[in-house]
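Structure record follows, encoded as structure tokens.
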Amino acid sequence: ETVLELSGVIRRFQQAGNVLEVLRGAACAVRRGEIVALVGPSGAGKSTLLHIAGLLEHADGGVIRIAGRDAATLDDAGRTALRRETIGFVYQFHHLLPEFSAEENIVLPQMIAGVPKAAARERAKELLSLVGLAARASHRPARLSGGEQQRVAIARALANRPSLLIADEPTGNLDHHTADDVFALLTDLVRGSGTGPGGRKDGFGALVATHNLDLAARMDRVIELRDGVLVET
Ligand code: ADP
Ligand code: ADP
């Protein structure tokens, strides 16, 4: 089942009186249980594409379908609701709330989504075990290593059982060895998501922008953003 479908996506920016067409008919699909790498040179439009796929930014044309639902037909409130129900985000920097523990950082987005506190805590504990951090539940982000912080960010992204995980350089701020570990965890979670507590029963798919071509080559597929279109490599 396809969790992200883009077709004919167009995005233009006005820059100093010129029109810069960053996306010129970009198309791709990500299925449940699949981790897909998004590569391309700096400035190619990877972040723009992820923002559009994540319903954070409007496209100027094209089709964006998340978990089978057409985002183009929705108003802003509908897009926000669809985003909250179906998409989890991981960024290069963890963006954890510094004054809250690892567990609380995973509880909060669930409570915002209306999950009762006891159930949210239960799931936070489950997710922390899944990312190997059960023993660090009560630590604040500053007391965790960079790799641990990113593991918490991944657990938080999965808290609301997304169909689609969008990650922009999730290991870009980590040393080589730690990046490998975090990447292996992410890959296991996506591929194993059909059965475990990491996602809904039917799993989630991931689109991961990275500059690390070694990591990209270990994903299920690699798509390159080149001159505004996506090319499978
Ligand atoms: P639009 O009106 O096309 O939707 P945005 O609202 O996304 O544009 O951005 C508003 C303005 O912010 C842009 O016109 C641009 O000047 C500036 N801007 C934001 N992000 C960038 C960036 N990554 N590179 C260059 N300019 C940017
Ligand atoms: P990447 O993530 O691949 O480095 P981006 O998506 O950040 O690329 O940017 C692609 C191009 O679009 C860049 O030339 C950038 O300056 C431009 N751009 C991105 N956002 C805006 C914006 N809001 N307004 C104007 N130009 C933008």
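In segment 35-152, which strands (runs of 3 or more DSSP E) lie fully inside it and hold 2 or more residues that are open to solvent by less than 70 Å² (accessible area, probe 1.4 Å) and within 16 Å of ligand 1 (Cβ to nearest atom)?
Correct list: 61-66.
Kindly establish whether T233 is surrounded by fewer than 16 Cβ atoms within 10 Å (Cβ to Cβ) and either closer than 23 Å to R31 by Cα or without any contact (Cβ under 8 Å) to a residue 12 or more places away in the chain (or both).
When the stated conditions are applied, T233 passes them.
Every residue in segment 91-129 that is among the polar types (S, T, N, Q) and in contact with a Leu (Cβ under 8 Å, 6 or more places away or on another chain), please. First the steps, then the outcome.
First, the residues of segment 91-129 that are among the polar types (S, T, N, Q): 92, 101, 105, 110, 129.
Selection gives N105 alone.
Restricting to segment 44-56, count the residues that are near ligand 2 (Cβ under 8 Å from one of its atoms) and farther than 18 Å from V222 by Cα.
Within segment 44-56, residues that are near ligand 2 (Cβ under 8 Å from one of its atoms) and farther than 18 Å from V222 by Cα number 1.
Within segment 22-34, how many residues turn out to be touching a helix residue (DSSP H, G or I) at 6+ places or on another chain (Cβ under 8 Å) and more than 11 Å from ligand 1 (Cβ to nearest atom)?
4
Which of the residues belonging to segment 1-21 are within 16 Å of ligand 1 (Cβ to nearest atom), open to solvent by 20 Å² or more (accessible area, probe 1.4 Å) and either closer than 29 Å to R191 by Cβ or part of a strand (DSSP E or B) (or both)?
Scanning segment 1-21 gives I10, R11, R12, F13, Q14, Q15, N18, V19, L20, E21.
Would segment 5-19 turn up any residue that is within 16 Å of ligand 2 (Cβ to nearest atom) and within 30 Å of S145 (Cβ to Cβ)?
no
Given the criteria surrounded by 14 or more Cβ atoms within 10 Å (Cβ to Cβ) and at positive phi, does G25 qualify?
yes
Checking R31 against (1) over 19 Å from A216 (Cβ atoms); (2) open to solvent by 50 Å² or more (accessible area, probe 1.4 Å); (3) charged (D, E, K, R), which single condition isn't satisfied?
If we test R31 against (1) over 19 Å from A216 (Cβ atoms); (2) open to solvent by 50 Å² or more (accessible area, probe 1.4 Å); (3) charged (D, E, K, R), just (1) comes out false.
The values are calculated or read from the model by the stated rules, or taken from the named source; none is laboratory data. Note that the structure is predicted; figures quoted are calculated from it, not measured. Ideal geometry is used to build each Cβ from the backbone, glycine not excepted, and the neighbour counts take in all protein chains shown. We work out accessible area using only protein heavy atoms, side chains counted, and drop any ligands, DNA or RNA first. Shrake-Rupley method; radii C 1.70, N 1.55, O 1.52, S 1.80 Å.
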